[in-house]
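Where a number appears in this text, it was derived from the coordinates with a stated rule and is not lab data. Note that the structure is a prediction, hence the values are computed from the model and not measured. With ideal geometry, Cβ positions are generated from the backbone for all residues, glycine too; neighbour counts draw on all protein chains shown.
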Amino acid sequence: MVKYPHNLIIPALPGAPVSPVNPMSDYKVHFRCFRGCPGEYSIYQVIYTCPTCGGLLEVAHDVEALRQRSADEWKALLDSRIGATQWPYGSGVWGKKEWVIPTIDNDNIVSMYEGNSNLFWAERLGKQIDLPDLWVKLCGNSHTGSFKDLGMTVLVSVVKQMMQDGTSVRAVACASTGDTSAALAAYAAAAGIPAVIFLPQGKVSPAQLIQPIANGAHVLALDTDFDGCMEIVKEVTQDDSLYLANSMNSLRVEGQKTVAVEIVQQFDWEVPDWIVIPVGNLGNISALYKGLKLMQELGLIDKLPRLVAAQVEKANPFYLSYRNGFAEKATIQASKTLASAIQIGNPVSYEKAVQAVQETNGLVEQVTEDELANAAAIADNTGMYTCPHTGAALAALFNLRQRGVIQRDERVVVVSTAHGLKFTPFKVGYHEGTLDEVESRFANPPVYLPADAGVVKDTISRKLAL
Ligand SMILES: *Cc1c(COP(=O)(O)O)cnc(C)c1O
């Protein structure tokens, strides 16, 4: 892999200083308070919340400097990097480096060439719900099998640069409903950085549990739920040697926002009408909005899609807040749900997500266990292999389509957040008909037969109605 690209470096702007080592460092980036308190903080500083109000931070870019390049020039540059072999621009995240972390040294980037996932035209599924322009963004087709890779490449890269610069950070840590820890463990292992993982005991899938174990992370399974793990990790990361990798750390959001750019780019820079996304801690929908907003500010797009946040009834604090007109943040004790990665009762990125829904004229839907499981099965029958969270988003879409909120001629993208292969017990339980509160209407169990050609032939003709 060529570490220092030559043909992909942006030519210097007229009058701009040229640095031969890192030509992008002219673009500035820093943390600031999301609520607008004064103050700027280095992204290489150990800081997660605003020192003034205690609220979330966000990564702020120098939009004026970025605007020096025209929308068409940005489009051409980003398009030129798809499939690039020059490190690290072939990554769907780092192909947009100037919009993500322009100041990081390419040698410190820890990337598995994440992103650039397939935007699947769900032709057969769309026909079934009379929605011909239906697309599924397959974020689970990624190194550790979920969209969490998009944020983790950014966070671990910044940590690597911090450690190189001699800060006090010695390891990374996170609480997780499964996919965050898998991503953190893999990227930390690739960088040679120790990782400490806090998981709620018995509440993640076997595949999700074994991923960080296999990657050599220190896995601590706590006798609590995700929100309980989150409390503990916040406390232990008060010590600056352990760096917090949850999405309250806004570096994660910076990487995840690239999915918005990819979706628009994959439609040749056209904006879809709707994007439906399953939500838990509310980092990903915030990221989606941040990516869209930046493209709008830079003139690449002139409208925003309407965002739909899909929740499950068992873990629906954002839905409750929405029904309440976002008058106040609802916090609940989340119940056990098949969509285990979104079993969260006290979502960290609440304020950012409220903005995402309000500014896009979006909405929040909730679905039952039965709806999400059957929606996943319907999608699988058309060739997908959907995780339960994607099932929740699809079920929300089916309901909105049925109520006529989403119309036949509209273009809709569903964000599929993880790969179905991470949730084998969900699939097996569905097809065996053993899931709680689910009537498996599309169960397709195997047929057990003797090794007898006659019986086999009869069975096939019956099955295929020959
Ligand atoms: C993390 C996760 C989500 C929810 O994302 P948030 O940023 O927590 O809202 C949805 N689906 C899957 C598969 C996830 O891993």
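Just a few scattered comments:
- Inter-label distance, T52 to N381: 5.6 nm, where each label sits 7 Å from its Cα along the C-beta direction.
- Size of charge dipole - the stretch 32-108 - debye, nearest 20, with Cβ of Lys, Arg +1 and Asp, Glu -1, no other charges: 180
- Local charge for A186 was computed over the other residues whose Cβ lies under 15 Å away, with Lys and Arg +1 and Asp and Glu -1, and equals +1.
- Ordering I47, I193 from the fewest to the most neighbouring beta carbons within 10 Å gives I47, I193.
- Sorting the segments 77-84, 181-188, 407-414 by their residues' average number of neighbouring beta-carbon atoms within 10 angstrom, most packed first, yields 181-188, 407-414, 77-84.
- Length released on extending from R170 to E437, taking residue separation times 0.36 nm less the Cα-Cα span: 91.6 nm
- Amide H contacts of Y243: R170, A171, V172, A173, each under 5 Å away and 5 or more positions distant or on a separate chain (H built 1.01 Å from N in the peptide plane; Pro and chain starts excluded).
- Each peptide in 250-257, 332-339 was scored by the mean count of other Cβ atoms within 10 Å over its residues; highest first, the order is 250-257, 332-339.
- Cβ crowding within 10 Å, taken as a proxy for footprinting-reagent exposure, orders L56, L119, L449, L244 from fewest neighbours to most as L449, L119, L244, L56.
- Rg/Rg_globular for the chain, with Rg_globular taken as 2.2 N^0.38 Å and Rg from C-alpha atoms: 0.99
- Each Cα pair of the stretch 335-466 feeds into the Kirkwood radius, which the Stokes-Einstein equation turns, at 10 °C and 1.306 mPa s, into a diffusion coefficient of 92 µm²/s.
- Residue ranges 318-329, 343-354 sort as 343-354, 318-329 when ordered by packing (mean number of other C-beta atoms within 10 Å per residue, highest first).
- Residue order, fewest to most beta carbons within 10 Å, for H389, H30, H218: H218, H30, H389
- Whole-angstrom gap from the stretch 240-311 to the stretch 125-142, using each part's C-alpha centre: 18
- A simple charge model with +1 on the Cβ of Lys and Arg, -1 on the Cβ of Asp and Glu and nothing else charged puts the dipole of the chain at about 360 debye relative to its Cα centre.
- The stretch 405-466 - convex hull of the alpha-carbon atoms, volume per residue in Å³: 199
- The calculated FRET efficiency for D268 paired with R323, based on their beta-carbon distance and R0 = 35 Å, is about 0.40.
- Working note: Karplus 6.51/-1.76/1.60 with θ = phi - 60° gives the stretch 433-439 the couplings x, 10, 7, 4, 6, 10, 9 Hz, where Gly and Pro are set to x.
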